[in-house]
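These notes are about the structure you will find just below.
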Amino acid sequence: MAKISVVKPAVPSALETLTRDYLASCRARGLAPSTIKTAYTYTLDDVFLPWCATNDITEVEQLSQRALDRFTAALLDTPGKRGQPLSRYTVHHYVRVVRQFLAWCKSEGEGVSAGKPQLPRLPQRVVDILSREEIDQLELFAPTERDKLIIRLLADTGIRVGELCGLELADIITAQDRRAFLKIRGKGSKERLVPIGPQLMRRLDRYQRARPVEARSNRVFLAARRDAHGEYAPLTTSGVLQLLRGAADRAGMTRRVHPHLLRHSFATEALRRGMNPVHLAQLLGHSGLRMIEQVYAHLNADDGYDAVLRMLTGDR
């Protein structure tokens, strides 16, 4: 949404003060700083509060149902930074943040709005995925073992690109029964164990033993070249995106290949093979099933039939 230019009074309104306290509460609950900044702070400071200021709303009690409906309607009608209407997904996100803020105000006894922001209905999202054969091709055309390992880890574990870049050597864990796991620090500093297969574990072990002896970083994946100080810096998310694009170009893929595409592909394949959605949500680092239900609604009746058939015949 285009930022509304408003001259703020010298003394913040009661509503502004409450948003500051709410954001402090989010930080105290241990939410990821990046999430607070990009999702909560932007929504409240650059979208919600400017709209309230232009409508002379300074207190929670002024937010009637009609006022909140006007807010949602304004989001749907106001063009964004590129001059195009905001997507319903973006509006849905903004309204959901405001709902959470108002619920917090009520729980803290800081005022109750007379209405509840209405979430716009979302169209069914069609998620693009790569087949297992396409992932094999992507790995085949990656030029180095580092790049091949990155592609295979993203495709076979479903971890986020930021989680992959943050992997440290001590995060590769082998249990007494020789099963291997990655210790992942996800959003909100929540840790989880993600299993990896024996073949992938052997490749990771060989890769670790072949790393440059002068590499000082304890990260698993390092940049391909030394920096200005002669050090191997940790691999960045933009570096992963570049290597994926390069592999896709060499493989002749015309679609846009990015790290989250591999995450979606892993989740879709897991559901098609009958994985319990609760277990999948845990592996992906989701706190509930809402994302699973929303994002992977593209699975069709044939997928359900095949999953049931595998369950009844014991074919896994």
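The values are calculated or read from the model by the stated rules, or taken from the named source; none is laboratory data. The structure displayed is predicted, hence computed values, not measured ones. Quick reminder, even Gly has a Cβ in these numbers, built from the backbone with ideal geometry, and neighbours come from all protein chains shown. Ligands, DNA and RNA are stripped out before the accessible areas are found, and what is left, the full protein with its side chains, is counted by its heavy atoms. Shrake-Rupley method; radii C 1.70, N 1.55, O 1.52, S 1.80 Å.
Scan region 166-179 and tell me whether some residue there is part of a loop (DSSP other than H, G, I, E, B), open to solvent by less than 30 Å² (accessible area, probe 1.4 Å) and either touching a strand residue (DSSP E or B) at 6+ places or on another chain (Cβ under 7 Å) or farther than 30 Å from Trp51 by Cβ (or both). Taking every residue of region 166-179 in turn, at least one turns out to be part of a loop (DSSP other than H, G, I, E, B), open to solvent by less than 30 Å² (accessible area, probe 1.4 Å) and either touching a strand residue (DSSP E or B) at 6+ places or on another chain (Cβ under 7 Å) or farther than 30 Å from Trp51 by Cβ (or both). Quick check on my filter: what residues within region 29-47 are modelled with pLDDT of 90 or more, under 17 Å from Trp104 (Cα atoms) and either open to solvent by less than 30 Å² (accessible area, probe 1.4 Å) or not polar (S, T, N, Q) (or both)? If the condition is that a residue be modelled with pLDDT of 90 or more, under 17 Å from Trp104 (Cα atoms) and either open to solvent by less than 30 Å² (accessible area, probe 1.4 Å) or not polar (S, T, N, Q) (or both), then Tyr40, Thr43, Leu44, Asp45 are the ones that fit.
May I ask you to say which residue of Leu23, Leu49, Leu68, Leu44 is in contact with a Pro (Cβ under 7 Å, 6 or more places away or on another chain) and of a type outside the set (Gly, Ala, Ser)? First the steps, then the outcome.
Working: Leu23 fails: in contact with a Pro (Cβ under 7 Å, 6 or more places away or on another chain); Leu49 fails: in contact with a Pro (Cβ under 7 Å, 6 or more places away or on another chain); Leu44 fails: in contact with a Pro (Cβ under 7 Å, 6 or more places away or on another chain).
From the options Leu23, Leu49, Leu68, Leu44, the qualifying one is Leu68.
Of the residues making up region 149-167, those that are over 21 Å from Leu280 (Cβ atoms) and either touching a His at 6+ places or on another chain (Cβ under 7 Å) or modelled with pLDDT of 95 or more (or both) number 2. When region 88-143 is limited to residues that are among the charged types (D, E, K, R) and more than 21 Å from Thr41 (Cα to Cα), the one that is modelled with the lowest pLDDT turns out to be Arg125. Being open to solvent by 40 Å² or more (accessible area, probe 1.4 Å), acidic (Asp, Glu) and more than 25 Å from Leu31 (Cβ to Cβ) is a description that applies to Asp77.
Conditions (1) touching a residue at least 12 places away in the same chain (Cβ under 8 Å); (2) aliphatic (A, V, I, L, M); (3) open to solvent by 80 Å² or more (accessible area, probe 1.4 Å); (4) farther than 29 Å from Arg29 by Cα, marked per residue:
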site: Arg185; (1), (2), (3), (4): yes, no, yes, no
site: Arg192; (1), (2), (3), (4): yes, no, no, no
site: Gln208; (1), (2), (3), (4): yes, no, no, yes
site: Val213; (1), (2), (3), (4): no, yes, yes, yes
site: His229; (1), (2), (3), (4): no, no, yes, yes
site: Thr236; (1), (2), (3), (4): yes, no, no, no
site: Leu243; (1), (2), (3), (4): yes, yes, no, yes
site: Phe266; (1), (2), (3), (4): yes, no, no, yes
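Of all residues in region 196-206, those being without any contact (Cβ under 8 Å) to a residue 40 or more places away in the chain and surrounded by 13 or more Cβ atoms within 10 Å (Cβ to Cβ) number 2.
For Ala223, the conditions (1) open to solvent by less than 70 Å² (accessible area, probe 1.4 Å); (2) closer than 25 Å to Glu133 by Cα are fulfilled apart from (2).
With respect to the conditions (1) modelled with pLDDT of 90 or more; (2) surrounded by 13 or more Cβ atoms within 10 Å (Cβ to Cβ); (3) in a loop (DSSP other than H, G, I, E, B), Met1 falls short on a single one, namely (1).
Checking the condition touching a strand residue (DSSP E or B) at 6+ places or on another chain (Cβ under 8 Å), under 23 Å from Leu204 (Cβ atoms) and charged (D, E, K, R), which residue from Arg225, Arg219, Arg263 passes? Working first, answer last.
On the way: Arg225 fails: touching a strand residue (DSSP E or B) at 6+ places or on another chain (Cβ under 8 Å); Arg263 fails: touching a strand residue (DSSP E or B) at 6+ places or on another chain (Cβ under 8 Å).
Among Arg225, Arg219, Arg263, only Arg219 is touching a strand residue (DSSP E or B) at 6+ places or on another chain (Cβ under 8 Å), under 23 Å from Leu204 (Cβ atoms) and charged (D, E, K, R).
Among the helices (runs of 4 or more DSSP H) confined to region 28-136, the ones with at least 1 residues that are in contact with a Lys or Arg (Cβ under 8 Å, 6 or more places away or on another chain) and over 20 Å from Thr17 (Cβ atoms) are located at 65-77, 88-107. When Leu86 is tested against (1) surrounded by fewer than 13 Cβ atoms within 10 Å (Cβ to Cβ); (2) within 21 Å of Leu122 (Cα to Cα), exactly one condition is not met: (1).
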